[in-house]
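The structure appears right after this line, and notes come after that.
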Amino acid sequence: MRTVFNIIGPVMVGPSSSHTAGAVRIGLAARAIIGGQPSRAVITLYGSFATTYGGHGTDLALIAGLLGMSPDDERIPDARRLAAQSGLDVKFEVAEASPDIHPNTAKLELVGPFGATTSVVGSSIGGGSILITKIDHFEVDFSGESHAIVVAYRDQPGIIAKITSLLATEDVNIAAMRVSREAKHAKALAIIEVDQPVSDEARALISRIVGVDTAISLPPVSLA
Amino acid sequence: MAITTLAELVEEASSRGVSIGAIVREREAEQSGRPEDDLDADMRERLGVMRSAVDRGLAGVRSRSGLTGGDGPRMASARMNGETICGEPFDSALAYALAVAEVNASMGRIVAAPTAGSCGVLPGVLLSVGERLCVDDLALVEALFAAGGVGAVIERSSTLSGAAAGCQAECGSAAAMASAAAVQLAGGSPEACASAVAIAFKGLLGLVCDPVAGLVEVPCIKRNATSVAVALAAADMALAGIRSVIPADEVIEAMGSIGRALPPSLRETALGGLAVTPTGKKVASGISVLGHGNCGLDV
């Protein structure tokens, strides 16, 4: 059973759980993936996001998420001004409709706090729930509802085994995992959803495994 | 144990001589491992958000599209001036529901109950009936748990999503939840609560979701208020001892099957119903120009 607080709740800024609250969560997930507040964001809106963002405040909601606000933050309507104040430069683009793309989708191309660039595609799939479907060139599939660790590495035998055994020694249970790669022996990405938060020490150990480029720990993008 | 059917909730509440809300709170404590006092505190906070939204809406708000706003205060002032037919608590319920739904449309803070689009119904019914009966906040909190339990049953055996089953799943569910809460507040039996759920739902079965311009404004805001009317009517019938021939659990399942039979054009796509009336289309084209003009594509 879902908690009764998701029926009488969540507390959120309106008007739409999918177009507003879900959009905040996409922004929050993207912020977590880039590892802090971006300095620049080019956001492309697709489908219903593209046609109704104005009345639903989807643009403000995405910016608010990038600024680290939660879906019930009353500063969301003021997000554009707050972004300008805190040095986040945002540009919106509206894409042509495509049958291949979920109607409530946004692509966020971000420049991170230390100049790194990342692109994140997320969809709002109803009731404020989201799905992150792409990080850079990698097809991914995670909801942000549990703790997760995102590991970028060079494809080679044994890396996944090393990561999972490290998690096992930390007593972290894996709930779901998806691995994808650009090509054999090329860049690869693992999204590991876990039942317990991954400690900073464990994350650091994973990032020091030979062949691993980065390991990012993502907190859940709360639904409460 | 998890909540399954309304019949099962009614049976346990009746046999133990407690309210449906008390059973739902107990189950939530069991499932989440949190003490009941904590749960009460969380629910009290939601009650506070509902009250703030009523106050803010009655003070007057405008939606971001500019299409709606000000009807909550309009209703409240008609009530104050004695210009209405029905009186209390009905007029307050309408004013509160409009106010909260307008706050939602203006990007204000609300409790999605069960959804953002139907967020006015529960506060409309609960707060107006609470004032009328002079109950304390603990009773309101327990009524919110009852409403939540009804919503949990609906979500389990049907759906709460307008995109899946039309407005009957959103405002219809909210009215069913609110009427059970009202009956509980008025001291009705658990069985009467279930009857209220069935009667309220039956009044709203088949209600489509056809938002003009795809926004949560027209007809959503006024549908929150008319759903309040159905909820209060169902609560009074149930308190009078009127029972639904079709049990609440079967009505809830019927809502799901009706929803699946609705064409996609009437399930939150803005491709049918009021959304494609001449005025609906005109408003939509005006909004998209306005929306882009107002927001701008660049910061």
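Just so it is clear, none of the values below were taken in a lab; they were calculated from the coordinates. Keep in mind the model is a prediction, meaning the values are calculated, not measured. Using ideal geometry, Cβ is built from the backbone for each residue, glycine included, and neighbour counts are taken over all protein chains shown.
Loop only by DSSP, 12 or fewer other Cβ within 10 Å of the Cβ. Give me the chymotrypsin sites (Phe, Trp or Tyr not before Pro) in the range A:73-158 that pass, ordered by residue number. Mind showing how you got there, number by number?
Values: sites: A:Phe92, A:Phe114, A:Phe138, A:Phe142, A:Tyr153; in loops: A:Phe114.
When the chymotrypsin sites (Phe, Trp or Tyr not before Pro) of the range A:73-158 are filtered for loop state and at most 12 Cβ neighbours within 10 Å, A:Phe114 remain.
What does the C-alpha gyration tensor say about the overall shape of the range A:1-145? Classify as rounded when a/c is under 1.5, otherwise prolate if a/b is larger than b/c, or oblate. Rounded, since a/c falls under 1.5. Placing +1 on the Cβ of every Lys and Arg and -1 on the Cβ of every Asp and Glu, with no other charges, gives chain A a dipole of roughly 300 debye about its Cα centre. Which of the three applies to the range A:147-218, rounded, prolate or oblate, going by the alpha-carbon gyration tensor with a ≥ b ≥ c and a/c under 1.5 meaning rounded? Prolate, since a/c reaches 1.5 and a/b exceeds b/c.
Charges were assigned to the Cβ only: +1 to each Lys and Arg, -1 to each Asp and Glu. The resulting dipole of the protein assembly as shown about its Cα centre is roughly 1380 debye.
Expressed as a fraction of 2.2 N^0.38 Å, the C-alpha radius of gyration for the range B:76-140 is 1.16.
Please work out how much length the chain gains when fully extended from B:Arg16 to B:Ser265, using 0.36 nm per residue of separation minus the C-alpha to C-alpha distance, in nm with one decimal. Please report the intermediate quantities before stating the final value.
Details: separation 249, 0.36 × 249 = 89.64 nm, distance 4.61 nm.
Extending this stretch completely gives an extra 85.0 nm.
Go through A:Lys134/A:Lys162; A:Lys91/A:Lys187; A:Lys134/B:Lys282 and tell me which ones have a Cα-Cα distance over 32 Å in this structure. In this structure, A:Lys134/B:Lys282 exceed 32 Å between Cα atoms.
Relative to the longest principal axis of the Cα atoms of chain B, the long axis of helix B:90-105 lies at roughly 60 degrees.
Between the C-alpha center of the range B:4-32 and that of the range B:72-119 there is a gap of 30 Å.
Computed per residue of the protein assembly as shown from DSSP H runs no shorter than four, each worth -39500 (n - 2.57), the mean residue ellipticity at 222 nm is -15500 deg cm²/dmol.
Which of these, B:Thr277, B:Thr159, B:Thr68, has the largest mean-square fluctuation under a Gaussian network model of chain B (Cα springs below 10 Å)? Answer for the Gaussian network model of chain B: B:Thr277. For a test of the definition: using alpha carbon positions, the gyration tensor, and the 1.5 limit on a/c, classify the range A:114-173 as rounded, prolate or oblate. Oblate is the answer for the range A:114-173, as a/c is 1.5 or above yet b/c matches or exceeds a/b. Its Cα centre serving as origin, chain B has a Cβ charge dipole (Lys and Arg +1, Asp and Glu -1) of approximately 1160 debye.
Reported value for the range B:6-295: 129 Å³ per residue, from the convex hull of its C-alpha atoms. Of A:Asp100, A:Asp171, A:Asp89, the residue with the greatest mean-square motion in the GNM of chain A, using alpha carbon springs below 10 Å, is A:Asp100.
With a sphere of radius 15 Å drawn around the Cβ of A:Ala176, what net charge do the other residues whose Cβ falls strictly inside it have (Lys, Arg +1; Asp, Glu -1)? All intermediate terms of the calculation are to be shown ahead of the outcome.
Values: positive: A:Arg178; negative: A:Glu139, A:Asp141, A:Glu145, A:Glu193, A:Asp195.
Once all neighbours under 15 Å are counted, the net charge is -4.
Across the options A:Pro99, A:Gly112, A:Ala29, the greatest Cα extent toward the positive end of the charge dipole of the range A:4-136 (unit charges at beta carbon of Lys, Arg, Asp, Glu) belongs to A:Gly112.
Model label points for A:Ala161 and A:Ala176, set 7 angstrom from Cα along the Cα-to-Cβ axis, are 2.7 nm apart.
With both labels modelled 7 Å from their Cα along Cα-to-Cβ, the B:Ile85 to B:Glu131 distance reads 2.2 nm.
Between B:Ser257 and A:Thr169, what FRET efficiency comes out of the Förster formula 1/(1 + (r/R0)^6) with R0 = 35 Å and r the beta carbon distance, rounded to 0.05?
Values: r = 51 Å, r/R0 = 1.45.
Efficiency, rounded to the nearest 0.05: 0.10.
The aspartates and glutamates whose alpha-carbon is closer than 20 Å to the alpha-carbon of B:Lys222, local same-chain residues fewer than 8 away aside, are B:Asp55, B:Asp71, B:Glu83, B:Glu88, B:Asp91, B:Glu102, B:Glu170, B:Asp210, B:Glu268. Summarising the overall dimensions of the range B:177-299 from its C-alpha atoms, the Rg and Dmax are 18.6, 60 angstrom.
Using the alpha-carbon atoms, what tilt in degrees (0 to 90, nearest 10) does helix B:20-32 show relative to the longest principal axis of chain B? In chain B, helix B:20-32 runs at an angle near 80 degrees to the longest axis. Largest mean-square fluctuation among B:Cys134, B:Cys119, B:Cys193, in a Gaussian network model of chain B whose springs join Cα atoms under 10 Å apart, belongs to B:Cys134. For the protein assembly as shown, the ratio of Cα radius of gyration to the globular rule of thumb 2.2 N^0.38 Å stands at 1.00. Of the GluC sites (Glu not before Pro) found in the range A:125-224, those that fall in a DSSP loop while having at most 13 other beta-carbon atoms within 10 Å are A:Glu182. Within the range B:63-142, the GluC sites (Glu not before Pro) that combine a DSSP coil assignment with at most 11 other C-beta atoms in a 10 angstrom radius are B:Glu83.
Axis of helix B:248-261 versus longest Cα principal axis of chain B: the two differ by about 30°, to the nearest ten degrees. If you average the alpha carbon positions of the range B:135-186 and of the range B:234-285, how far apart do those two centres end up, in angstrom? For the range B:135-186 versus the range B:234-285, the Cα centre distance is 15 Å.
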